[in-house]
Amino acid sequence: MSDYHIKTLEEYFKVYRSSVDNPEQFWGNLAEEHFVWRKKWNKVLSWDFSKPEIKWFEGAKLNITENCIDRHLATRGDKTAILFEPNDPNEAAQHITYKQLHERVNQFANVLKDQGIKKGDRVCIYLPMIPELAISVLACARIGAIHSVVFAGFSATALSTRINDSDCKMVITSDGSYRGAKTIDLKCIVDESLEKCNCVETVLVVKRINSEIQMKEGRDKWLQPLLENASTDCIPEIMDAEDPLFILYTSGSTGQPKGMVHTTAGYMVYTAYSFKNAFQYTENDVYWCTADIGWITGHSYIVYGPLANGATTVMFEGVPSYPDWGRFWNIVEKHKVTQFYTAPTAIRALAKEGLELVEKYDLSSLKVLGSVGEPINEEAWHWYNDNIGKKKCPIIDSWWQTETGGIMISPIPYVTPTKPTYATLPFPGIQPTLMDENGNEIKGNQADGRLCIKFPWPSIARTIWNNHQRYKETYFTAYKNMYFTGDGALRDEVGYYRITGRVDDVIIVSGHNLGTAPIEDAVNEHPAVAESAIVGFPHDVKGNALYGFVILKDTGESRNQDNLRKEINQIITEHIGPIAKLDKIQFTSGLPKTRSGKIMRRILRKIASKDTSNLGDTSTLLNPEVVQDIMDNAH
Ligand code: PRX
């Protein structure tokens, strides 16, 4: 038997070693023993990072939905596959069993076929976090259509750019969505976006909020009546291992969003394997990832990874603040959640709200806590550990990217000793390394460099849709024969990795490289600080100086801002050194954030640099109104 489930540190080191020494044997054995294939591969791996071209399990035939659904029917037919928790806590949760999921995916797949969707066609899915989102993703996979899920918080312009880039034939949306106390007219956004698209023939509309909407004759169709007439049997399309499974857009540092293309077999094997180990999932667990399926975290760790393991995966439609900031903990108690996976930005927001809303609920079902998407600062790490995990649940700070498809560097809970803010050790099969500015590999521990991966892993994105050249330039040109992540990282004395942030955020002050993340960590240590973002701005003597945008906690008391500035710089001096002190500190009520919660530093850099004539594209901001406010109060 292969080592599918790692249970001790000793095992981890053994498995890791064999995954590096004999990668083909390692992945070949895992793939053979834990998945259903229609035909076995001819070759486990062929690769050339200079082209770049990467193929896993070439020649194999399969359908990922057989692995995520059909194969569980005999043993887990009545087990809950998807546990849907609606926005409104008074609306009943839905337990969709594997049997029901099978029927619903098949019906949906038959509707897609009836509407003329064939293998290889692109289908854009623009839905809120309702069961139809997961079901439509799986229905596409069932018939070999390539899904392109666009997060339902994106604007009409962002949506049309994505629809056009991958030439989608169909859009699946809903009459609207619930978001806390608000409703959002998704269908209107789709209508507006389609004014700029000629490729879309059909729009399928799910009824969710029962609003009055316009249906365009010949193009728009309600989903429900079509489903009612569709058979619950649908023979899965047999796919090649390297057939595209989906496209998912991610923003680049410049230009158009990049349509990352993930293929079938490698993605399946890696997300399933990493899910099992990263969360130590066991049969009766209830796993909850709070991400939206519109992001890679949702694709890999709400849908494919959990379902490939026959898991129960929670899908939450709402927001953490509705009806109050205790909602997450209410859901944990209600469904006895065992693994909880969220983002540091959510943890910080929750930590700001005080402990009464945590202590109200029984969180004793929790076994594993996860963090993903950005570096987790020490204060947030401890808050999460102390108050949510009650110091009993290991925190897996998991580093990965849209491009990597699955978790790359992360503790394995109850196996890898954790260390606050460290993503710790690579998963089996992942070979990270650090490079210096001159393109040399940094050997040995206690290093600081640019994070690259030396060897392919099964779920690496294979290309950028319609732009292989950009794929090559972005990821494979900076360092020869390496995948460049765009992140900086430290390696400590035992070889643990700490991701310090995007290297484009590195600021050189008086010739010293300073990562923004550790400075922000230090600033956030101040008890009055809720969140901060640091950027560089040009300085006559130092080259660059540091500008901090700081959100204070709302404590109701007024504080002397000059004293606060001094105290913050004192903490920085203590944590990093006087070189990292901030030249400017601006207190602000908000920071410009993308809809996935990332701070848009590009805008802050421009404001800090007094270069505000052209702030670039701000259409993807969650809170564009803060920009003017920050500008008005800058310097
Ligand atoms: O900078 C890293 C940061 O998020 C980037 C990838 O973003 P995205 O493609 O949107 O995927 C996010 C979810 C997988 C990375 O290049 N990042 C992600 N996880 C971590 C992180 N930074 C620090 N620690 C993490 N655990």
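Key figures for this structure:
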| quantity | calculated |
| --- | --- |
| From the options 47, 37, 56, residue that is part of a strand (DSSP E or B) and surrounded by fewer than 20 Cβ atoms within 10 Å (Cβ to Cβ) | 47 |
| Test: residue in segment 457-474 that is at pLDDT below 95 and either touching a Pro at 6+ places or on another chain (Cβ under 6 Å) or open to solvent by less than 30 Å² (accessible area, probe 1.4 Å) (or both) | no |
| Selection within segment 343-393 - farther than 22 Å from residue 280 by Cα, surrounded by 18 or more Cβ atoms within 10 Å (Cβ to Cβ) and more than 16 Å from the ligand (Cβ to nearest atom) | 350, 351, 358, 383 |
| Close pairs from segment 574-600: first assigned by TED's automatic domain parsing to the domain that holds residue 544, partner of a type in the set (Ser, Thr, Tyr) and open to solvent by 40 Å² or more (accessible area, probe 1.4 Å), Cβ under 8 Å, at least 6 apart | 579/510; 580/573; 581/573; 592/618; 594/251; 600/618 |
| Within segment 394-406, considering residues that are in contact (Cβ under 8 Å) with a residue 40 or more places away in the chain and more than 8 Å from the ligand (Cβ to nearest atom), the one nearest to residue 376 (Cα to Cα) | 396 |
| First in segment 602-620 and closer than 20 Å to residue 532 by Cβ, second anywhere and part of a loop (DSSP other than H, G, I, E, B), Cβ under 6 Å, 6 or more apart | 603/592; 603/615; 606/612; 606/615; 607/634 |
| Hits in segment 488-519 - residues which are within 14 Å of the ligand (Cβ to nearest atom) and at pLDDT 90 or above | 488, 489, 490, 496, 497, 498, 499 |
| Condition broken by residue 619, with the remaining ones in (1) under 30 Å from residue 292 (Cα atoms); (2) open to solvent by less than 30 Å² (accessible area, probe 1.4 Å) satisfied | (2) |
| Test set (1) crowded, with 24+ Cβ neighbours inside 10 Å; (2) closer than 29 Å to residue 524 by Cα - residue 305 fails condition number | (2) |
| Qualifying residue in segment 261-268 (condition: closer than 27 Å to residue 118 by Cβ, touching a residue at least 40 places away in the same chain (Cβ under 8 Å) and surrounded by fewer than 24 Cβ atoms within 10 Å (Cβ to Cβ)) | yes |
| Failed item, numbered, when residue 203 is tested on (1) free of Cβ contacts under 8 Å to residues at least 24 places away in the same chain; (2) open to solvent by less than 20 Å² (accessible area, probe 1.4 Å) | (1) |
| Condition check for residue 158: at pLDDT below 95, surrounded by 20 or more Cβ atoms within 10 Å (Cβ to Cβ) and not polar (S, T, N, Q) | yes |
| Segments classed as strands (runs of 3 or more DSSP E), wholly inside segment 108-186, with at least 3 members that are in contact (Cβ under 8 Å) with a residue 12 or more places away in the chain | 122-125, 146-149, 170-174, 177-179 |
| Exclusive hit being assigned to a helix (DSSP H, G or I), modelled with pLDDT of 95 or more, closer than 25 Å to residue 37 by Cα and not assigned by TED's automatic domain parsing to the domain that holds residue 189, set 261, 269 | 269 |
| Residue list for segment 269-295, restricted to those being open to solvent by less than 10 Å² (accessible area, probe 1.4 Å) and of a type in the set (A, V, I, L, M, F, W, C) | 269, 272, 275, 278, 279, 288, 289, 293 |
| Residues that are over 24 Å from the mean Cα position of the chain (by Cα) and open to solvent by 10 Å² or more (accessible area, probe 1.4 Å), drawn from segment 62-82 | 66, 70, 71, 73, 74, 75, 76, 78, 79 |
| Qualifying residue in segment 86-93 (condition: open to solvent by less than 10 Å² (accessible area, probe 1.4 Å) and either under 26 Å from the mean Cα position of the chain (by Cα) or under 30 Å from residue 200 (Cα atoms) (or both)) | yes |
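The values are calculated or read from the model by the stated rules, or taken from the named source; none is laboratory data. Everything numeric in this text was worked out from a predicted model, so none of it was measured. Cβ sites come from the backbone with ideal geometry, for glycine too, and all protein chains shown count toward neighbours. Only protein heavy atoms, including side chains, enter the accessible area calculation; ligands, DNA and RNA are left aside. Shrake-Rupley method; radii C 1.70, N 1.55, O 1.52, S 1.80 Å.
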